Amino acid sequence: MKARIKQTKSLKDIGKATWMRVAIIVLSVLFLITAATTVYFAVKYNRDVAELNGALSENSSMYDSKISEYESYKAEKESEKSSYEDKIDAQSNEYQSRVDELNKKIDSLNKQIAAKKASSSQTKPQSQPQTQPLPQQPLNPNNGPKTVYLTFDDGPSQYTSQILTILDSYGVKATFFVKNGGKYNYLMKEIVNRGHAIGLHTYSHDYKKIYSSDDAYLSDLKSISDLVLQQTGVETKIMRFPGGSSNSVSKKHSKGIMTRMTKKVTDMGYAYFDWNCSNGDADGAKTVDKQLSFCSNYPKSANTVIVLMHDTQKTTMEALPKIIEYYHSQGMTFGILTTSSPTVHHKVVN
Ligand SMILES: [Zn+2]
C-alpha cells in the first residue's frame, strides 16, 4: 500500500518537472527572439542614422556650394552695378560741365548783345525815325521769289546821310550810283562802311560834255572811278549811264555813242545797270503818295526789280520808309548790285 502511494507520488513529481522544463524552454526561446529582434532593430537603426547623416552632409555641402556660387554671382553683379553707377556719374558730370560751358557762352553773348544795344542807342541821333528792322521772313512769300534792288543816283548830297540812317533802321541794303558830290563826297565812305554797294554814275553829270565824244565819256568815267577809289579804297566795277543806256539826248551830241559805250564799258569789265521801275522823283513825283504809286508799277512777272531813285530829293528821303515797307509787303527781299547780279538793260536807241 505504502509502495503504491510512493509510486503515485513519484509519478506526480515527474509530471511537475516536465512542465518546469517546458516552461524554461519556452521562456528561453522567447528571450532569444526578443534579444535577436532588439539587436536587429538596433543595427538597422544605426545604419539608417548613418545613411541619413551621409545624405544630410551631402545635401549640406551641395547647398554650401550653391550659396557660395550665389554669393560670387551677387558680388559680380554688385561690382557691375557700381561700375555702371561710376559711368553714369562720369557722364552726368561731363554733361553738366558742357551745360555749364554753354550757359557761360549764352551769358557772354547776351552781355555782348546788351552792350551793342546800349552803344547803338547812345550813338543814334535824336531825329532817327522810329522804325524796326524788318523780320527775316517776307510777309507775303506766296508772291514769288522776287529781289528788289533800291538804287540811288546823283548823290552824295545833303539827304544821303538821312537815307543811310533810314536804310539802317530797316536793316535794308541798297546801291548808290554816285557822282562828284563836292563837300558830301566823304559820305561815299559811309555808304561802303554800312554795307551798301557803290557804283559809278558820272563825275560831272553834264550830258553835253560827257556824251560829246567817246574819249570825253571815258575820261569822265575815269574821273569818278578815281574819286570813289580815293574816298573809299574800293575799285568798283558797277556803273549806270546818266539818263540810262536808252537815253536819246546823247544823239544830238554824238551819234551812236551809247551803242559804242555800252559795248566798250562791258569789254572793260564793267557791269552797267538800267532800271525797270522808278519812284518818279525825276518825273514830277513830289509827294510820298505819288512816289508809292510809281513804285507799285513794277513788272509783276520779273524776278528782279531795280528801282531808280535819287538821294538828292527830299521827298525820296521822306517816302523811303513807306517804299521799303511796300516792297517788303510784296514778299520781296532786298539786294545790292554786284557785277554778277541779274542785269536790267534798256534798249539802246543811239
Ligand atoms: Zn543821274
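Readers should treat all values here as calculations from the given coordinates under stated rules, not as data from a laboratory. Since we're looking at a predicted model, the values are computed, not measured. All Cβ positions, glycine included, derive from the backbone under ideal geometry; neighbour counts span all protein chains shown.
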Expressed as a whole percent, how much of the Cα-Cα distance distribution for the range 141-334 exceeds 31 Å? 16 percent
Among the listed pairs LYS209/LYS322; LYS264/LYS347; LYS286/LYS322; LYS264/LYS314; LYS146/LYS255; LYS173/LYS237, those beyond 26 Å (Cα-Cα): LYS209/LYS322; LYS264/LYS314; LYS146/LYS255
By how many nm would the segment from GLU58 to MET268 lengthen if fully extended, with 0.36 nm per residue of separation less the alpha-carbon distance? 64.8 nm
Could you line up PHE294, PHE31, PHE241, PHE152 from fewest to most neighbouring Cβ atoms inside 10 Å? PHE31, PHE294, PHE241, PHE152
Grab the other residues whose beta carbon is less than 14 angstrom from that of SER157, score K and R as +1, D and E as -1, and report the net. -2
Using alpha-carbon positions, what is the distance between the centroids of the range 141-180 and the range 27-47, in Å? 131 Å
Taking θ = phi - 60°, what integer Hz values does the Karplus form 6.51 cos²θ - 1.76 cosθ + 1.60 yield along the range 173-179, in sequence order, with x for Gly and Pro? 9, 9, 10, 10, 8, 9, 10
Taking the Cα-to-Cβ direction at SER65 and at SER329 and moving 7 Å from each Cα, how far apart do the two end points lie in nm? 9.4 nm
